[in-house]
Structures are given as structure tokens and as C-alpha cells.
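Trainee: Attaching a single structure in C-alpha cells format; questions to follow.
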Amino acid sequence: DAVTLGMVVTFAHTASIFLLGLLLLSLIEASTDKSSSATYQNWLTTIFSFGSGALLTMFGVFLARRRWRAIGAQKRADGHSHDDSHPHSHDHSHVPADWGGKDEVRFRDLVALGLSGGIVPCPAGFTIVLVAAHFQALLLGLVVLSFFSFGLGLMLIGIGCVLVIGKERWL
């Protein structure tokens with residue numbers, strides 16, 4: 001899952017920088033004021049940051065709602081209340097079974113999370129595309145952007161793997 005998530009974030013991040021970089025270049029070319037590139041870059045980054053934040057918020061609400069439903073379903077299946085007069089009311093766990101690391105994360109959830117986090121374009125990526133375009137070396141810029149994104153992906157995958165291994169080891 002950590003590898004899948006890291007790859008999706010990296011792909012989405014690279015694609016967003018590339019596509020938005022091309023949009024930014026076309027806006028600069030169409031503009032009469034060539035010094036407006038920083039303004040366009042700030043607007044695009046801000047719009048996509050807000051969009052990504054909205055997607056992440058919706059995804060978080062969706063996951064929280066799904067977990068609350070799982071808790072409610074388990075309580076109904078247990079068929080009891082937390083009445084202290086019940087001698088067996090605290091003899092078992094109230095953590096849903098799917099919180100114990102046994103449930104499978106759905107691929108579409110990983111993709112949705114990765115896309116919503118990955119579409120935020122970073123200014124460094126824009127700078128790579130803009131500088132490469134300025135020197136008429138867009139292909140070289142895309143190669144540099146690919147390596148930049150590959151490093152990002154490796155770091156995300158590494159962090160994800162460390163977290164998963166740590167969770168299994170200490171919980």
C-alpha cells in the first residue's frame with residue numbers, strides 16, 4: 001500500500017506540474033506583459049492548493065464516516081451497552097476488527113488519496129519547467145522534473161514503509 005500510494009502521489013504530482021507548467025507557459029506567451037509569469041504561477045498554485053485541500057478534506061470526512069459506521073456496526077453486533085452493572089461489559093475490545101491491521105485498504109481509496117495529495121503543484125517544479133522553457137530545453141526540463149519526482153516518490157515510499165513496519169513492530 002505504501003508503494004502504491006507513493007507511486008500515485010508521484011505520478012499525480014509530476015503530471016500536475018507538467019500540465020500546469022504547459023498552461024502557465026501558454027498564458028505567458030498569450031500575455032502582452034511577459035513579467036506576469038510569477039502572478040500566473042501564484043494563481044495556479046493557489047487554486048490547485050485549495051482544490052487539493054478540499055479533496056483531502058472530503059476524503060478525510062469519508063474515511064471518518066466509514067470508521068464511525070464500522071464502530072456502530074460492531075456495537076450493534078455485540079448487542080450490549082456500557083452499563084457497569086453488566087459483569088462482562090468490559091471483557092472485550094471495542095476497537096473495530098478492521099482497525100487492528102487486518103482490513104484491506106481498497107485500491108481506489110489509495111488512488112483517491114494519492115491523487116488528492118499529489119495534484120498540489122510545487123513552486124520548485126514550476127521553476128524547473130519555466131527555466132527549461134526559457135532556455136528552450138523543455139525536454140531536459142522534463143527529464144530533470146522526472147528525476148525530481150522520482151526522488152519524491154522514493155522518499156514517500158520509504159516513509160510509508162517505515163510507518164507500516166513501525167506499526168507492526170510496536171502495536
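Trainee: Under 20 Å from a point placed 7 Å out from the Cα of Ser146 along the Cα-to-Cβ direction: which residues of the stretch 105-123 have their backbone N that close?
Mentor: Hits in the stretch 105-123 for Ser146 at 20 Å: 122.
Trainee: Which value, in Å², gives the accessible area per residue of the stretch 27-70 when a 1.4 Å probe is used on the protein heavy atoms?
Mentor: Ligands and nucleic acids excluded, the result is 73 Å² per residue.
The values are calculated or read from the model by the stated rules, or taken from the named source; none is laboratory data. All figures in this text were calculated on a predicted structure; none of them were measured in a lab. FYI the Cβ positions are ideal-geometry reconstructions off the backbone, even for glycines, and counts take in every protein chain you see. The area values use the complete protein model at the heavy-atom level, side chains included, leaving out ligands, DNA and RNA. Shrake-Rupley method; radii C 1.70, N 1.55, O 1.52, S 1.80 Å.
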